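Colleague: Have a look at this one.
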Amino acid sequence: MKKTILSVLTLLALSQASFAADEKPFAIAIHGGAGTISKANLTESQIQQYKDKLTEAVNAGHRILAKGGDSTRAVQAAINVLEDSPLFNAGKGAVYTYDGGHELDASFMDGRTMNAGAVAGVRHIKNPIDLAIDVMKHSPHVMLSGSGAEEFALSRGYQLVAQEYFDTDHRYRQLVKAKQKLMDAQVATKDYQASIYRLDLEYKFGTVGAVALDKQGNLAAGTSTGGMTVKRFGRIGDSPVIGAGTYAENGVCAVSATGHGEYFIRYHVAGDICARVKYQQKSIIQAADEVINQRLITAGGTGGVIAIDQRGNIATPFNTEGMYRASRSNNDVATVMIWREQ
Ligand code: ASP
């Protein structure tokens, strides 16, 4: 009798061990923007609010992956949580343009098919990442902009939202301050281009993004943003630009970026990181670190990325004071961080 119980237990243990060995890696990482996130300016309860929302978002994506769902759905679900929160500069809570409106950018890339979709400068789309994914799935194009993108949304049955939906008091206060700073800088430099670069980083950044690896081995990346406070003249940043703010390629890596978009476009940040992994066999940690902490710093570009490789290894380098971020792999618990140490 004892023997039988022992052998049943051994069999059970063995089958569990082989189940663990068969378990395919899956993981997700998200960000809620990088920049001058000063500890002194955040109360304990604000820090907790950010952490709670990041946890909710990473868990929304993780839940889908754990059930065997695909990386596209996981990335979308995580980003939707952040877009719907007024805490982050995407969807509700997007920053204001110079003219007091909101213009949103988003992009998505599927590493399995190398298909991608993006929208730029949309003004009435509650969840721009959804539209970016629909552009990928239901149009022959990669990027749609402005009113044309919204016409496409209507043709897909979207309800447009009023600009006021995106309004928040704290972003409005940022606009007023940023405009004042811009005017002061413009008086000093007599040059709009130079003066915009003088704005403190806290006025520039935000953005949310997610990268995921599903159990089928498919990588995906998405990014959604309100762009830069006080942006003007239809300015578009890196977030909707494939290869700059977003990139995914199965077998290589997936990246979502946040930072000073002009640099991320010119330095082709997301694509450069994956190229280093692909052609130089660098680890995701090294590749992402080289681009963010060497190449970009030398150029004067500020920001960070979340990146994931084919085995589910995650890198989250940033060269700013902080970056809101969270990650969760297989059956681990979520790791949620704002600064370097916590
Ligand atoms: N990269 C975004 C842009 O330049 C801003 C950000 O990430 O905060 O539009």
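Colleague: Going from most exposed to least, what order do M114, M337 have by accessible area with a 1.4 Å probe?
Modeller: Largest to smallest exposure gives the sequence M114, M337.
Colleague: Where does helix 44-66 land angle-wise versus the long Cα axis of the chain, in degrees 0 to 90, nearest 10?
Modeller: For 44-66 against the chain, the angle is about 50 degrees.
Colleague: Running a GNM on the chain with Cα contacts under 10 Å, which residue among A66, A185, A106 ends up with the highest mean-square fluctuation?
Modeller: A185
Colleague: While we're on this one: Distance cut-off 29 Å, Cα to Cα: go down the list K51/K137; K137/K282; K24/K126; K137/K177; K215/K278; K39/K67 and report the pairs above it.
Modeller: Distance filter (> 29 Å) returns K51/K137; K137/K282; K24/K126; K137/K177; K39/K67.
Colleague: Which three numbers, in whole Å and largest first, are the semi-axes of the equivalent ellipsoid of the stretch 280-342 derived from its Cα gyration tensor as √(5λ)?
Modeller: 21, 17, 6
Colleague: Related question: What is the spin-label model distance, in nm, from D332 to F233 if the labels are put 7 Å beyond Cα along the C-beta direction?
Modeller: So the label points at D332 and F233 sit 4.4 nm apart.
Colleague: Now, a different point. Using alpha carbon centroids, what distance separates the stretch 306-342 and the stretch 219-234, in Å?
Modeller: Answer, in whole Å: 21.
Colleague: May I pose another question? Quote the FRET efficiency, to the nearest 0.05, computed for K67 versus Q180 with a Förster distance R0 of 56 Å and r equal to the Cβ-Cβ distance.
Modeller: 0.65
Colleague: Could I ask something else about it? Say we join alpha carbon atoms closer than 10 Å with springs in a Gaussian network model of the chain; which of Q76, Q174, Q159 then has the biggest fluctuation?
Modeller: Maximum among the listed residues: Q159.
Colleague: Can you tell me, using C-alpha contacts under 8 Å and at least 6 residues apart, the relative contact order of the chain as a whole percent?
Modeller: It rounds to 24 percent for the chain.
Colleague: Points 7 angstrom from Cα along the Cβ direction at L154 and L42: gap in nanometres?
Modeller: It works out to 4.1 nm between the two label points.
Colleague: Multiply the residue separation of Q163 and R295 by 0.36 nm, subtract the distance between their alpha-carbon atoms, and state the gained length in nm to one decimal.
Modeller: Full-extension gain reported as 43.8 nm.
Colleague: For the stretch 163-173, what does the Karplus curve 6.51 cos²θ - 1.76 cosθ + 1.60, with θ = phi - 60°, yield as ³J(HN,Hα) per residue in whole Hz, taken in order and with x for Gly and Pro?
Modeller: 4, 4, 4, 7, 5, 9, 5, 5, 5, 5, 4
Colleague: Could you state the orientation-averaged shadow area of the convex hull built on the Cα atoms of the chain, in nm² to one decimal?
Modeller: One quarter of the hull surface, i.e. the mean projection, equals 20.1 nm².
Colleague: Determine the per residue accessible area of the chain with all protein chains present and a 1.4 angstrom probe, expressed in square angstrom.
Modeller: On a per-residue basis, 44 Å².
Colleague: Give me the accessible area of S155, 1.4 Å probe, in Å² rounded to the nearest 10.
Modeller: 90 Å²
Colleague: Right, something else. What does the C-alpha gyration tensor say about the overall shape of the stretch 274-316? Classify as rounded when a/c is under 1.5, otherwise prolate if a/b is larger than b/c, or oblate.
Modeller: The shape class here is oblate.
Colleague: Taking H as built 1.01 Å from N, whose amide H comes closer than 5 Å to the amide H of V161, not counting residues under 5 places away?
Modeller: I125, K126
Colleague: Can you compute the helix-only [θ] at 222 nm over the chain? Use -39500 (n - 2.57) per DSSP H run of at least 4 residues, normalise by all residues, nearest 500 deg cm²/dmol.
Modeller: -12500 deg cm²/dmol
Colleague: State the volume of the convex hull built on the alpha-carbon positions of the stretch 205-322, expressed per residue in Å³ and rounded to an integer.
Modeller: Convex hull volume per residue, Cα atoms: 92 Å³.
Colleague: About its Cα centre, how strong a charge dipole does the chain have in debye, to the nearest 20, once Lys and Arg get +1 and Asp and Glu get -1 at the Cβ?
Modeller: 500 debye
Colleague: Can you give me the % of accessible surface on the stretch 84-141 that is carbon or sulfur? Probe 1.4 Å, all protein chains present, nothing else counted.
Modeller: Here it works out to 43 percent.
The values are calculated or read from the model by the stated rules, or taken from the named source; none is laboratory data. Model, not experiment: these values are computed from the prediction. Cβ atoms come from the backbone with ideal geometry, glycine included; neighbour counts cover every protein chain shown. For the accessible areas, the whole protein counts, side chains as well, though only heavy atoms, and no ligand, DNA or RNA atoms are used. Shrake-Rupley method; radii C 1.70, N 1.55, O 1.52, S 1.80 Å.
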